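Okay, structure first, notes after.
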Amino acid sequence: MSKTLYKHLRLDVFPTPYCPGCGHGILLQALVRSIDEVGLVWVKTLFVSGIGGAAWIPSPHFKSDTLHTMHGRPVAFATGAKLAKPELNVIVVSGDGDLTAIGGNHLIHAARRNIDLTVICANNNIYGMTGGQAAPTTPQGGVTQTTPWGGEEPPFDICNLVRGAGGQFVARNTVFQVRNLIKTLSKALTMKGFSFVEALSPCPTHYGKLNQIPTLGDFQKRMKGQYVDRRKWDKMEGEEKKAKIPTGIWSEA
Ligand SMILES: Cc1ncc(C[n+]2csc(CCOP(=O)(O)OP(=O)(O)O)c2C)c(N)n1
Ligand SMILES: [Mg+2]
């Protein structure tokens, strides 16, 4: 990372706790770059996270006020903080498990109410920090510690979920599309209303190990062939559509 960005970080807590190849570290860097780009002022900013690997992105790494809350509850805490101090930029960073399993209700109702929050979800398709259990985002057939024969249930499409609930700005990028990801984060940070960014983040240690994608490079190869702009994806059909991951912007207004 460029030394000019060090001013945003608590350097004494580095290196991060992430396993080798975890995409959460790439998201951390992308978020710092976008914070720098939009000139976010730390004294007017509060980061809120829940429990999980992704929740460690802002806390303790960012030189900002951070609330590291209970599992599933960051959106509820963030809502309270925004109501009490509307002048704050309130930004939630947490995982797919935290935000869509135990915290799913808070997420959809904050989107429905169009509260002026930015929510960033690092989606690695698994409960990473607790050893790799299935999440509501685990793909059908995905092997995890709790689905050793492959998950049977269809996963949430989180962007469709949040958009359907009323989220104003809704977007998805993979951490491999880092320039797009930074642009998307910058838009989300500067928009009024409920903004939601899903960052697809590989987990080689838990998901990859059990699904023959053991390294970050393997994920990159696989995901590069999968992601496609959502406008193109909308026109696809059948097996071709199923094999792809739509990325881009769902809604800007
Ligand atoms: C009430 C409660 N239930 C369960 C847990 C255990 N727990 C901690 S983190 C976590 C899931 C984290 O998954 P995710 O949010 O996807 O983060 P990741 O580690 O994958 O980045 C779970 C189930 C907890 N801490 N508290
Ligand atoms: Mg996860």
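The values are calculated or read from the model by the stated rules, or taken from the named source; none is laboratory data. If you're wondering where the values come from, they're calculated on a predicted model, not measured in any experiment. Cβ atoms come from the backbone with ideal geometry, glycine included; neighbour counts cover every protein chain shown. Ligands, DNA and RNA are excluded from the accessible area calculation, which covers all protein heavy atoms including side chains. Shrake-Rupley method; radii C 1.70, N 1.55, O 1.52, S 1.80 Å.
For the reader, a short list of remarks on this structure follows.
- Here the stretch 20-87 is described by how far its Cα atoms reach on the three principal axes: 39, 30, 14 Å, from widest to narrowest.
- For the stretch 97-220, dividing the convex hull volume of the Cα atoms by the residue count gives 90 Å³ per residue.
- Whole-Å distance, taken between Cα centres, linking the stretch 1-75 and the stretch 171-236: 18
- Computed packing ranks the peptides 235-244, 166-175, 88-97 as 88-97, 166-175, 235-244, most packed first, by mean other Cβ atoms within 10 Å.
- Three semi-axes of the equivalent ellipsoid, the stretch 1-59, Cα gyration tensor, whole Å, largest first: 19, 14, 11
- About its Cα centre, the stretch 191-247 has a charge dipole of approximately 120 debye under the convention of +1 per Lys or Arg Cβ and -1 per Asp or Glu Cβ, with nothing else charged.
- The chain - percent of accessible surface contributed by carbon and sulfur, probe 1.4 Å: 55
- For the stretch 110-141 and the stretch 82-99, distance of Cα centres in Å: 14
- Above-threshold pairs, the threshold being 19 Å between Cα atoms, out of K224/K244; K7/K44; K3/K183; K3/K221: K3/K183; K3/K221
- Estimated FRET transfer efficiency when R0 is 25 angstrom, pair D218-Q140 (beta carbons, to 0.05): 0.80
- Counting Lys and Arg as +1 and Asp and Glu as -1 over every other residue whose Cβ lies under 14 Å from the Cβ of K241, the net charge comes to 0.
- What the chain shows is 46 Å² of accessible area per residue, with the surface traced by a 1.4 Å probe over protein heavy atoms.
- Within a Gaussian network of the chain (alpha carbon springs, distance under 10 Å), most fluctuating of D157, D229, D116: D157
- Extension gain from K232 to E87, taking 0.36 nm per residue of separation minus the Cα-Cα distance: 48.3 nm
- Placing dummy labels 7 Å off each Cα toward the beta-carbon, the span from R10 to S251 is 3.5 nm.
- Spin-label pair V43-E152: with each label point 7 Å from Cα along the Cα-Cβ axis, the two points sit 5.8 nm from one another.
- Short-range pairs are left out: with C-alpha atoms under 8 Å and at least six residues apart, the relative contact order of the chain is 18 percent.
- The relative contact order of the stretch 128-224, computed from alpha carbon pairs under 8 Å that lie at least 6 residues apart in sequence, is 23 percent.
- Think of it as helices only: each DSSP H run of n ≥ 4 in the chain is worth -39500 (n - 2.57), and spread over all residues that comes to -9000 deg cm²/dmol at 222 nm.
- Scaled against the 2.2 N^0.38 Å expected of a compact globular protein of N residues, the Cα radius of gyration of the stretch 1-121 reads 1.02.
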